[in-house]
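To keep things clear, I will list the structure first and then write my remarks on it.
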Amino acid sequence: MTVDGIERTVLPGGLRVLTERMPSVRSTTFGIWAGVGSRDETPPQAGASHYLEHLLFKGTVRRSAAEIAAQMDAVGGEHNAFTSKEYTCFYARTLDRDLPLAVDVLVDMLRASRLDGVDVDAERTVILEEIGMHADDPDDLAFELFAAKLFPGHPLGLPELGTPESIRAMTRDQLAGYWRRWYTPSNLVVSVAGNVEHRQVLELVQAAFDAADGSDGAAERARAAPTLRGGVDVRRRDTEQAHVVYGTGAISRSDPRRFALSVFNVAFGGGMSSRLFQEIREKRGLAYSVSSFVLHYEETGVLSMHAGTSPKHVNEVLKIVKDEIGRILADGLSEEEVARGKGHLKGSFVLGLEDSASRMIRLGKSEVTGTELLGVDEVLARFDEVTLDDAQQVARDVLANGPRAIGVVGPFEGTEVFEEYL
């Protein structure tokens, strides 16, 4: 497969390798993606994907954690990882000449980790501190309350970090079993962007995987589709500023209407010229930060907005959001809003591809989620093809009938005062 200079090979065992050559740069970003995230966890495993992300940096049979850090520091490299609802990514950014080191270190981490009991206990404390940090952040907490109401009882409604109870109870054997099940070649994707040659990457990756131990079986996935419910949840905090998240379910990442929804979102709250930004911040000065965003999952999605405002203005902000949705459903958008949204998305998409890390993420995320990988010109064409009718119709499809959820953090008691805005 070749799309805009992107090459793809499936190695024996099912490992998928994608590269994009950028001859004008001197860097490379090497990523390994595991097709597992927090939505694949059972209740006793809540937080296992993120826990394991931490542990794989703690040392292998060949390298200690200090040696991993020292080897990357010695070449000025950066290495890190992140966990989401549906995948986990480990990556390293180095000079092009140091790609062999990045490949060797990351594959060694993912395939030959020691997972020592001492490290499991040490990282348990670190993760509990991280959970506490997020619980103290009213932005994060409002999003968690919102998600839990929109997807009640489903992993999509739970935080990627897990709960203090699940993290305290998790054992080394549970984490090792999770690692052996999901970190197999058939469930991994390698994506590389920068000054690289596809053949060189294949040789390096094959050699590194051959040298590392690890499970080679195929993980069986059984993801349950969520049922959207909605409602209000309030967490009392005596803060100077209240945080509110308001939204509903949306469309999946494979839905062809996702381009039209992105255009609508820019008009709704995704830019400084958007309706919510202009009404809430510019015209009325009710919030410093206000925005809307779209998330896509395998079979569903989310359209929501967030604002940080004085507690006395929360009801006014929610009324503006509800009224604006009503106007959109009744009167639609303008041609100018759609044109501005398309221009915004095309510009931000292209500007976001100017470094090797963003291109690596585009490749890997597309492959690990099974989303069609489009060339740059194809993506721009998809945005250009969005019509006013397309944007208005997807807005109606998403906003008209689905359940809505609200998460609020601030000095409030009870949910009744906010239920009228659902």
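Only the coordinates and a few stated rules stand behind these numbers; no lab work does. Nothing here was measured: the structure is a model prediction, and the numbers come from that model. Using ideal geometry, Cβ is built from the backbone for each residue, glycine included, and neighbour counts are taken over all protein chains shown.
Some observations on this one:
- Whole-Å distance, taken between Cα centres, linking the stretch 111-180 and the stretch 309-365: 30
- Extension gain, R221-K283: 0.36 nm per intervening residue step, less the Cα-Cα distance, totals 17.4 nm.
- Whether the stretch 1-100 is rounded, prolate or oblate, judged on the alpha carbon gyration tensor where a/c under 1.5 counts as rounded: oblate
- Normalised by residue count, the stretch 307-422 yields a Cα convex hull volume of 175 Å³ per residue.
- Formal net charge of residues neighbouring K365 (Cβ-Cβ distance under 10 Å; K, R +1; D, E -1): 0
- Kirkwood Rh, Cα atoms: Rg over Rh of the stretch 231-419: 0.99
- Calculated on the Cα set of the chain, radius of gyration then Dmax: 22.6, 64 Å.
- Span per principal axis, largest first, for the Cα atoms of the stretch 60-167 (Å): 48, 32, 23
- Rounded to the nearest 0.05, the FRET efficiency derived from the C-beta distance between M133 and A176 at R0 = 35 Å is 0.85.
- Burial ranking of peptide ranges 3-14, 175-186 (average Cβ count within 10 Å, highest at the top): 175-186, 3-14
- The chain: antiparallel DSSP beta bridges as a percent of all, rounded to 5: 80
- For the chain, built as a Gaussian network whose Cα springs stay under 10 Å, the top-fluctuating residue of D121, D331, D40: D331
- FRET efficiency for the R229 to E416 pair, using the beta carbon distance and R₀ = 22 Å, is estimated at 0.80.
- With 22 Å as the limit, the listed pairs K58/K365; K283/K322; K283/K342; K149/K365 have K58/K365; K283/K342; K149/K365 beyond it between alpha carbons.
- Modelled spin labels at E378 and R168, positioned 7 Å past Cα toward Cβ, are 5.0 nm from each other.
- The stretch 379-422: C-alpha gyration tensor shape, a/c 1.5 cut-off, then a/b vs b/c: prolate
- Length-normalised contact order of the stretch 2-211 in % [C-alpha pairs under 8 Å, at least 6 apart]: 39
- Dipole axis of the chain (+1 Lys, Arg; -1 Asp, Glu on Cβ), positive-most option in L345, G47, T227: T227
- With the helix formula -39500 (n - 2.57) applied to DSSP H stretches of n ≥ 4, the chain reaches a computed 222 nm mean residue ellipticity of -13000 deg cm²/dmol.
- Candidates A193, A330, A222, ranked by Gaussian network fluctuation over the chain, Cα under 10 Å, top entry: A222
- Between D238 and T125, the FRET efficiency estimated from the beta carbon spacing at R0 = 35 angstrom works out to 0.80.
- The magnitude of the dipole of the stretch 231-419, with charges of +1 and -1 set on the Cβ of Lys/Arg and Asp/Glu and taken from the Cα centre, is near 440 debye.
- Restricting the calculation to Cα atoms, every distinct pair contributes to the Kirkwood radius of the stretch 2-211, found to be 18.1 Å.
- Overall form of the stretch 230-308 per C-alpha gyration tensor (a/c, 1.5; a/b vs b/c): oblate
- Here the simple spin-label model places points 7 Å from the Cα toward Cβ, and for D323 and F293 these points are separated by 2.7 nm.
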